[in-house]
């Protein structure tokens with residue numbers, strides 16, 4: 001019923017991510033791209049309903065959800081192989097659906113029975129079809145791992161065809177690798193804000209996913225970027241390292257996704273310093289953004305001064321490592337809240353865990369907290385119920401799975417991670433300057449409405 005904290009072994013109650021095949025969402029998130037699934041019946045639908053629907057009700061758009069072509073492999077395909085069925089599906093898809101890039105994702109059945117999906121895809125590649133193959137059997141890991149498999153497949157089989165032998169780098173052009181599309185409930189708005197603040201600081205940005213991306217065409221220019229920016233504790237690091245090995249392209253790793261004025265200014269200064277560009281535009285942008293940001297906070301202080309005695313002073317965060325760390329930095333340094341226990345749910349690879357832990361040892365000059373890597377909902381909720389939150393009910397930043405536990409504690413809950421089935425999300429953002437203001441509104445509206 002439970003899972004080991006450091007190994008991720010055992011059964012999992014109340015799962016908080018998808019399987020590797022769920023990385024079809026990474027394809028859906030690229031404007032102009034279309035996933036094709038080689039898997040059993042129901043695999044795509046289950047991933048879609050959990051990751052896309054009951055997670056902010058994000059929807060599938062023109063290339064996700066019920067639109068995704070699938071072989072829906074049957075028993076006879078397990079016995080005789082499903083390569084022929086896949087070939088027929090790709091042919092039919094090309095007749096019906098227009099896309100700038102097709103990505104075939106091989107699921108558990110195809111990988112287990114040994115279908116040579118690469119060979120099938122190669123036949124279409126030789127015909128000039130923009131199509132790639134990604135081996136994303138669910139046993140390879142969760143959708144975070146699947147995301148990196150898919151991205152590397154696109155780079156190696158598609159992007160590389162457009163890379164000149166002597167790549168001409170564009171100074172100030174950045175490839176951004178950050179949140180996992182659809183898994184991170186607020187990724188659309190966050191990516192737009194991330195692109196906005198980087199452009200405001202003087203950069204050109206290949207954001208690569210979402211409405212702000214130039215789509216498949218933008219991916220062709222990945223090798224031309226001056227460097228790769230990894231804005232997360234671990235996701236995207238292996239992609240940046242792959243690009244470094246492939247093109248000699250350097251990367252900057254900033255584990256804390258910025259929320260609020262202080263973190264955002266620090267973030268931008270580090271990017272500017274690494275790029276070696278003039279800081280004048282960034283400084284002017286930061287000054288203008290902080291003027292607006294603190295204008296709103298100045299008026300917010302009336303509320304905070306009046307209600308401080310009834311507001312939570314302690315908190316816990318339950319969610320993927322990217323949002324978990326970002327929220328902790330913001331809540332401690334800019335709201336002065338006290339961290340109790342932080343629970344990371346995305347099962348980061350072991351090689352990254354000690355580095356992630358170290359970030360929580362210095363949230364501020366005199367503030368640190370403990371972090372646990374847990375995936376099982378029973379263990380997570382049991383832990384939350386036995387923490388010492390002090391004399392006031394806590395605020396829990398978590399998922400739908402933590403709602404009942406938070407109610408038992410008399411606290412307030414803000415859903416910030418998958419699944420978030422009490423949030424309807426269009427382009428809401430919680431990072432940067434504008435996202436921080438939205439987050440403040442959400443936090444304190446939740447708290448005061450709880451007693452209404």
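The values are calculated or read from the model by the stated rules, or taken from the named source; none is laboratory data. Computed from a predicted model, the values in this text were never measured in an experiment. Reconstructed Cβ throughout: ideal geometry from the backbone, glycine too, with neighbour counts over all protein chains shown.
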Can you tell me which residue is farthest from residue 29 (Cα to Cα) among those in region 94-109 that are free of Cβ contacts under 8 Å to residues at least 24 places away in the same chain and under 32 Å from the mean Cα position of the chain (by Cα)?
96
For region 7-54, the count of residues that are within 19 Å of residue 345 (Cα to Cα) and over 20 Å from the mean Cα position of the chain (by Cα) equals 6
Mind listing whichever residues of region 150-171 are surrounded by 18 or more Cβ atoms within 10 Å (Cβ to Cβ) and in contact with a strand residue (DSSP E or B) (Cβ under 7 Å, 6 or more places away or on another chain)?
150, 153, 154, 157, 158
It is to be established whether one or more residues within region 379-394 are closer than 20 Å to residue 180 by Cα and out of contact with any strand residue (DSSP E or B) (no Cβ under 6 Å at 6 or more places or on another chain).
no
Looking at the structure I just gave you, is residue 135 over 21 Å from the mean Cα position of the chain (by Cα), assigned by TED's automatic domain parsing to the domain that holds residue 72, surrounded by fewer than 22 Cβ atoms within 10 Å (Cβ to Cβ) and free of Cβ contacts under 8 Å to residues at least 60 places away in the same chain?
no
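For every residue, the table says whether it meets (1) within 30 Å of residue 425 (Cβ to Cβ); (2) touching a strand residue (DSSP E or B) at 6+ places or on another chain (Cβ under 9 Å); (3) at pLDDT below 95.
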position	(1), (2), (3)
9	no, no, yes
26	yes, yes, no
58	yes, no, no
74	no, no, yes
85	no, yes, yes
103	yes, yes, no
114	no, no, yes
If I filter region 80-93 for residues that are under 21 Å from the mean Cα position of the chain (by Cα), assigned to a loop (DSSP other than H, G, I, E, B), touching a residue at least 24 places away in the same chain (Cβ under 8 Å) and buried (at least 20 other Cβ atoms within 10 Å of the Cβ), do I get at least one hit?
no
